[in-house]
Amino acid sequence: MATKTEDYLGITDYKVIGTRPIRHDGVDKVVGRAKYGADIDMAGMLHGAVVRSPHAHARIESIDTSKAEALAGVKAVITVEDLPLQEDKIEDLGEGAANLRHLRANVLADGKVLYHGHAVAAVAATDIHTAQEAVDLIDVEYEVLQPVLTVQEAMEEDAPLLLEDQTTQSLGEDTGQKSNVCTHFRHELGDVEKGFAEAELVIEREFDTATVHQGYIEPQNATALWAADDQITVWCSTQGAFTVREQTAQILDVPVSQVKVVPMEIGGGFGGKIRIYLEPLAAILSRQTGRPVKMVMSRTEVLQATGPTAGSYIKCKMGIDKAGKIIAAYAYMAYESGGFPGSWAAPGAMCIFAPYNIPNVLIDGYEVLVNKPQTMAYRAPGATNAAFASETIIDEICEQLDVDPLEFRLNNSAREGTRRADGPVYPRIGNEECVKTALSSEHYATQLSGKNRGRGIASGFWFNVGLKSSAAASVNSDGTVSLVEGSTDIGGTRTSIAMQLAEVLGIRAEDVKPQVADTDSIGDTDVTGGSRTTFATGWAAYQCALDIKEQLIKRAAKLWEISADDVVFDDGTFSSSDSSKTISFKDLAGMLDEIGGPVMGRATVNPSGVGGAFAVMIVDIEVDTETGKVEILRVSMIQDAGKAVYPSYVEGQMQGGVAQGIGWALNEEYAYNGDGLLANASLLDYRMPTCLDLPMIETHIVEVPNPGHPYGVRGVGEVPIVPPAAAVANAIYDAVGVRMTNLPMSPAEVLKALWAKNGGTGTA
Amino acid sequence: MNAFDYAAPQSVDEAISLLSAGNGNIGMLAGGTDLIAQLKEGRKIDLMIDLKQIPEATALSFDEDSGLSIGAATPCSKIYSYDVVQSRYPALVDCTSLIGSIQIQNRGTVGGNFCNASPAADTPPAVIVLGGTCRIAGPNGTREVAAEDFFTGPGQSVLQSGEFLVSIQVPTPAANSGAFFLRFIPRNEMDIAVANAAASVVLDSDKTTIQEARVAIGAVAPTPLLIADAGAALVGKAVDDEDAIEAACAASRAAARPISDMRGTIEQRIHLSGVLTRRAIQGAIQRAKES
């Protein structure tokens, strides 16, 4: 498989890549010394708090801040009036986009509140208790409006409108029609009607999935200092310091150079820490008081008011010919945008049939406003919902055809040259290899026995993204290299990026000192998201190392007084082409002062050859038919990583994705009451799985090199969350014979399905 | 969180004095796992009385004649680590070892679980089926209330102004007896019961017939419920009498009057009342057989 193609170098004997060195940030994180946003303390620092809407949908009639302002210790109170006005302008966030007018109205409500917990005002006080007391003293009068909580309700013609000037963009045209449907798009491949007409077997089902949250451990936080010279510094927890800088500068209406964003260590993001919430509030409060202002969300605020990912309604239909080939597929995908426009059906539509070679496909996607927080990315956003629909139908097809679900997937697999319905033609991909690995796995070969037990299979796809990354590195006189990059480190990327630099220079990973820098200290780097960081910032580090290598070759030539063309660099050693002279990287580094001074490398990249990530999951479960509870017995995740730079991190991503996917499958949901109020805004009742709910998740890393990366790297972070919901649903069917079409498949829902199948309410 | 006064009385009498002198807006602190969370969520108090310096409130002792005494401020982990509890009161291990995390179990108390009076509390059903009583101190002295009579509604108990719960007394288990507690939660830990149940049985000397039985269920009514009809259905019946066990389950289902909320639906909870009653009875019989 190690053939050089396009950008892929075809290296087979890596020295650093593929190993598992001790991570550079490990000790600080283990001993608790690593600095997170909530650790920030400064002289004179004020504490901010936010007034939030108690209603899901209401018009703000008045805001009276006078009592709060009169409270001793309160230094400033702000509302949307304190934020500069914004025109409609779309800002790309790296993963998702935002209309600035909406972003402003999201950080502080402008005339209307659109979800329970929507920020209405903010205060700064000398301590957090005073700030919270001040919040209670702000009187807001509302005209309460009817909330709209599902896409089906929101799409009805007479549905209450969230944004009264919102019209539907359909197939690229503004229809002028006032609606909660912001966008309707379509992907078409072949002739789907003809395909279904020719099909021997057609299955169509409808699916509902709940709104779910990423559940990162660290709440959003921001500390801002607006200095007297109008330089603004923001310390925060983000997946992308540069997107925070861009959004904050736009909302504050100042040039980007006036804002410096210092990314602190980050306690998880999963797509949820890209949009800004607190940063402009802390900045304005700081400007009004002349003091640094720190704001940290509570867990309740995180759940109520930061972007969860979209719930959805999906109608999916697939047609199979006599040979067992999928010849037609249709999907109607309506996804929640939340209170402001967003687009998560779009990536869902790119993934829904992606593991298969299907000649005739039609996909209609709808992005729909509902009275929930503006939805945000969550690990392969949109794809889990999509795969829940398509992979459940595939399972039903396999059952009806009486074929092995993995053989069926192999028989219908997408491969190099397959065109996806949304346009792209695949380069070399690893879907077949994943399916084959699943087929030959010990797990699949092991018979599952026992009452009410079942096995489920599902595939998943995520397209991955490239985007901008920058890296700079300086050679130290002791032979180490200090690396500066702009990707906030969520999954160990400092190390996986440093390893790609070390590989070029023939030094150890431990000899690289990686550092994540602020926005004044490194070139523009897009978010840690889209499974791009090890791929793209790793590529920047690789380029940066090549830059250093070229400079050091010249220095060796200078040292030896020969032509640079006569210097060879291999495995950490420079030598003259006649082999008469050699010098190690370390020794040369120690001599730089004498032969021209310091050496720095730099690189910026914007690569597009992202490859694409495929995964297959096998899950064994047992259903307690008296309670409806599903126990996960065994899970295997098989995923194409292209090349696993740091295998433990790849395994960690696979296990983390599966854990989150199983949570989504079984218990996680935003529980709204009839008034649209979020009833479970705590981690007690928003039930993510704990370690006691999951077995050890077995991982199989498949390596089909990505032709679009020097080391064959594919993004790995997102695809493992795609198959779990469908795999668990298929396992439940195998165990007890009920097809679950709604997420989550909670005990109450499984019980209901069992009662519907078996009659009555069961026996005690 | 608002400012409040804090006092750590050294005796029951001192605590009673503090309670009498206060304005009534008082928080009693045992482990604090409910109280401190409530304060953070906006509950306002003027005085916090910490019970942990009062010997009677932190004692954990057993006497063959008087049974087990659990001070109201004794943390769960201390209870389930106590060898007498492990050997004689396994149902108390069942309930105290599944509340929250280990950190919570190191702070949280049975007394606090009672006084917080959540309908879904996990310790009351076990204490009820074991015949436990609540020892309450007040300005007029000490009184004892059966565990099943302690609760009057969600968050409400028989505690009057000026009174506090000192300890919970649990009688010595009879020979050939067994008790069992379980709950249903969607996850495997760290959750609030959708429904819970406990049962205790006393068997005859050859361990084939049920002589006494008590069943209690929780999270399916405003308070934990002692299901007298469930116990009565079992008395005099063989340990393998499926009809009798089903009658007990039916009694639990009939007594349950749950609500629907984000933790469970009415029909699910009624159904689970029966399922858990059966499992609790079977567990209790098994333990009695092994006793």
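Please treat every number below as a calculation from the coordinates, not as lab data. What you are looking at is a predicted structure, and each value in this text was computed from that prediction instead of being measured. Note: ideal-geometry Cβ built from the backbone for every residue, glycine included; neighbour counts use all protein chains shown.
Compute the FRET efficiency between B:Asp149 and A:Asp127 as 1/(1 + (r/R0)^6), taking r as their Cβ-Cβ distance and R0 = 41 Å, and round to the nearest 0.05.
0.40
Can you return the lysines within cross-link range of B:Lys237? Criterion is Cα-Cα under 19 Å, with same-chain partners fewer than 8 residues away left out.
B:Lys207, B:Lys289
So how strong a dipole does region A:1-80 carry about its Cα centre when Lys and Arg Cβ are +1 and Asp and Glu Cβ are -1, to the nearest 20 debye?
220
Starting at the first residue of region A:152-164, write each ³J(HN,Hα) from the Karplus equation 6.51 cos²θ - 1.76 cosθ + 1.60 with θ = phi - 60°, in whole Hz, x for Gly and Pro.
Computed from phi, the couplings for region A:152-164 are 4, 4, 5, 8, 5, 4, 9, 5, x, 8, 6, 9, 5 Hz.
Across the Cα atoms of region A:635-696, what radius of gyration and what greatest pairwise Cα-Cα distance (Dmax) are found, in Å?
In Å, with Rg to one decimal and Dmax whole: 15.6, 50.
Using a Förster distance of 22 Å, how high is the FRET efficiency between A:Leu692 and A:Lys757, based on the Cβ-Cβ distance and rounded to 0.05? Could the numbers behind the result be given before it?
Details: r = 29 Å, r/R0 = 1.33.
Plugging the Cβ-Cβ distance into 1/(1 + (r/R0)^6) gives 0.15.
Across region B:175-187, in residue order, what do the Karplus-derived ³J(HN,Hα) couplings come to in whole Hz, using 6.51 cos²θ - 1.76 cosθ + 1.60 with θ = phi - 60° and x for Gly and Pro?
Karplus-based 3J(HN,Hα) across region B:175-187 equals 5, 6, 10, x, 9, 8, 10, 8, 9, 10, 9, x, 8 Hz.
Averaged over B:271-277, how many beta carbons belonging to a partner chain fall within 10 Å of each residue's beta carbon?
Details: counts 10, 7, 1, 5, 7, 3, 1.
Shielding by partners across B:271-277 averages 5.
Within 10 Å of each Cβ of A:625-636, how many other protein chain Cβ atoms are there on average? Intermediate values should be presented prior to the final figure.
Working: counts 0, 8, 11, 5, 6, 1, 1, 0, 0, 0, 0, 0.
Whole-number average of other-chain Cβ neighbours for A:625-636 is 3.
Kindly give Rg over Rh for region B:92-203, based on alpha-carbon atoms, with the Kirkwood expression for the hydrodynamic radius.
Values: Rg = 14.4 Å, Rh = 14.8 Å.
That ratio equals 0.98.
Going by average Cβ density within 10 Å per residue, which order do the peptides B:266-277, B:20-31 take, highest to lowest?
On the way: B:266-277: 25.7, B:20-31: 17.3.
Packing order, densest peptide first, comes out as B:266-277, B:20-31.
To the nearest whole number, what is the average tally of beta carbon atoms from other chains within 10 Å of the beta carbons of peptide A:742-752? Walk me through the numbers before you get to the answer.
Working: counts 0, 0, 1, 0, 4, 7, 11, 2, 0, 6, 3.
Mean shielding count: 3.
Would you mind ranking B:Asp63, A:Asp39 by Cβ crowding within 10 Å, fewest neighbours first? Don't jump to the answer; show the numbers that get you there.
Working: B:Asp63 10, A:Asp39 13.
Lowest to highest Cβ neighbour count: B:Asp63, A:Asp39.
Please list, by residue number, everything in region A:331-357 whose backbone N is under 17 Å from a paramagnetic label point 7 Å out along Cα→Cβ of A:Glu204.
A:331-334
Sort all Cα-Cα distances of chain B into consecutive 5 angstrom bins from zero, then give the percent of pairs in each bin up to the one containing the longest distance.
Per 5 Å bin, starting at zero, the Cα-Cα P(r) for chain B comes out as 1, 6, 13, 17, 18, 16, 13, 8, 5, 2, 1, 0, 0 percent.
Under 14 Å Cα to Cα from A:Lys194, which aspartates and glutamates show up? Leave out anything in the same chain fewer than 8 places away.
Cross-link targets: A:Asp321.
So if we plug the beta-carbon distance of A:Asp28 and A:Asn452 into 1/(1 + (r/R0)^6) with R0 = 56 Å, what FRET efficiency do we get, rounded to 0.05?
Values: r = 47 Å, r/R0 = 0.83.
Step by step, r from the Cβ atoms, then E = 0.75.
For region B:34-147, build the convex hull from the C-alpha positions and give me its volume per residue in Å³.
About 125 Å³ per residue, rounded to a whole number.
How many nm is it between the label spots at A:Leu171 and A:Ala72, if each spot is 7 Å from the Cα in line with the beta carbon?
Here the answer is 6.9 nm between the modelled labels.
Could you state the orientation-averaged shadow area of the convex hull built on the Cα atoms of region A:654-762, in nm² to one decimal? Walk me through the numbers before you get to the answer.
Values: hull surface 40.6 nm².
Value for region A:654-762: 10.2 nm².
Any chance you could get the radius of gyration and Dmax over the Cα atoms of region B:177-290, in Å?
13.7, 46
Using a cut-off of 23 Å between alpha-carbon atoms, which lysines can reach B:Lys44, once sequence neighbours fewer than 8 places away in the same chain are excluded?
Within reach: A:Lys67, B:Lys52.
Please give the length that would be gained between B:Ala8 and B:Glu242 if that part of the chain were fully extended, namely 0.36 nm times their separation in residues minus their C-alpha to C-alpha distance (nm, one decimal). Numbers along the way, then the final one.
On the way: separation 234, 0.36 × 234 = 84.24 nm, distance 5.27 nm.
Taking B:Ala8 through B:Glu242 to full extension adds about 79.0 nm, to one decimal.
Please compute the modelled spin-label separation between A:Ser298 and A:Glu6, points set 7 Å along Cα→Cβ, answer in nm with one decimal.
5.0
Using the Cα centre of region B:48-178 as origin and beta-carbon charges of +1 (Lys, Arg) and -1 (Asp, Glu), tell me which of B:Cys76, B:Pro124, B:Pro171 is placed farthest towards the positive end of the dipole.
So the residue we want is B:Cys76.
Which listed residue (A:Ile251, A:Tyr313, A:Ala197) has the Cα farthest towards the positive end of the charge dipole for region A:188-329, taking +1 on Lys and Arg C-beta and -1 on Asp and Glu C-beta about the Cα centre?
A:Ile251
With only Lys, Arg, Asp and Glu charged, each at its Cβ (+1 for the first two, -1 for the last two), find how big the charge dipole of region B:57-170 is about the Cα centre; round to the nearest 20 debye.
Numbers: 5 positive and 10 negative charges, 65 e Å.
With only Lys, Arg, Asp and Glu charged at Cβ, the dipole is about 320 debye.
With just the Cα atoms defining each centre, how far is region A:297-359 from region B:176-225? Give it in Å.
Taking the Cα centre of each part, region A:297-359 and region B:176-225 sit 44 Å apart.
Give the long-range amide H neighbours of A:Leu201: residues separated by 5 or more places, or on another chain, with amide H under 5 Å away, using H modelled in the peptide plane at 1.01 Å from N.
For A:Leu201, the qualifying residues are A:Ile320.
Could you list which residues have their amide H under 5 Å from that of B:Met48, counting only those 5 or more apart in sequence or on another chain, with H placed in the peptide plane?
Hits under the 5 Å cutoff: B:Asp5, B:Tyr6, B:Ala7, B:Gly27.
Can you pull the Kirkwood radius for the protein assembly as shown, inverse mean 1/r over Cα pairs, to one decimal in Å? Mind showing how you got there, number by number?
Values: mean 1/r = 0.0316 Å⁻¹.
When all Cα pairs of the protein assembly as shown are included, the Kirkwood radius is 31.6 Å.
Could you put A:His709, A:His57, A:His102 in order, starting from the residue whose Cβ has the fewest other Cβ atoms within 10 Å? It would help to have the intermediate numbers written out before the result.
Working: A:His709 28, A:His57 25, A:His102 22.
Taking fewest neighbouring Cβ atoms as first place, the list is A:His102, A:His57, A:His709.
A:Val370's amide H: which non-local residues (gap 5+, or another chain) put their own amide H closer than 5 Å, with H modeled 1.01 Å from N in plane and none for Pro or chain starts?
A:Ser337, A:Gly338, A:Gly339
Beyond a 22 Å Cα-Cα separation, which of these cross-linked pairs lie in this structure: A:Lys549/A:Lys586; A:Lys315/A:Lys451; A:Lys35/A:Lys549; A:Lys15/A:Lys643; A:Lys554/A:Lys643? Numbers along the way, then the final one.
Numbers: A:Lys549/A:Lys586 13 Å; A:Lys315/A:Lys451 32 Å; A:Lys35/A:Lys549 34 Å; A:Lys15/A:Lys643 13 Å; A:Lys554/A:Lys643 32 Å.
A:Lys315/A:Lys451; A:Lys35/A:Lys549; A:Lys554/A:Lys643, as the Cα separations exceed 22 Å there.
About its Cα centre, what dipole magnitude does the protein assembly as shown give when the only charges are +1 on Lys and Arg Cβ and -1 on Asp and Glu Cβ, stated in debye to the nearest 20?
Values: 84 positive and 134 negative charges, 206 e Å.
The calculated dipole for the protein assembly as shown is roughly 980 debye.
Ratio of region A:522-609's C-alpha Rg to 2.2 N^0.38 Å, to two decimals? Can you show the working numbers first?
Details: Rg = 15.8 Å, N = 88, 2.2 N^0.38 = 12.1 Å.
So the Cα radius of gyration is 1.31 times the expected 2.2 N^0.38 Å.
In sequence order, what are the phi-derived ³J(HN,Hα) couplings for region A:654-669 according to the Karplus relation 6.51 cos²θ - 1.76 cosθ + 1.60 with θ = phi - 60°, rounded to whole Hz, with x for glycine and proline?
5, 5, x, x, 5, 4, 5, x, 6, x, 4, 5, 9, 9, 6, 5
Placing +1 on the Cβ of each Lys and Arg and -1 on the Cβ of each Asp and Glu in region B:177-290, which of B:Gln286, B:Ala230, B:Ala195 has its Cα farthest towards the positive end of the resulting dipole?
B:Ala195
Which ordering of A:Arg420, A:Arg714, A:Arg379 is given by a fewest-first count of other beta-carbon atoms within 10 Å?
Working: A:Arg420 24, A:Arg714 31, A:Arg379 27.
If I rank by nearby Cβ atoms, fewest first, I get A:Arg420, A:Arg379, A:Arg714.
For region A:327-468, what does the convex hull of the Cα positions come to per residue, in cubic angstrom?
On the way: hull volume 21.7 nm³, N = 142.
Convex hull volume per residue, Cα atoms: 153 Å³.
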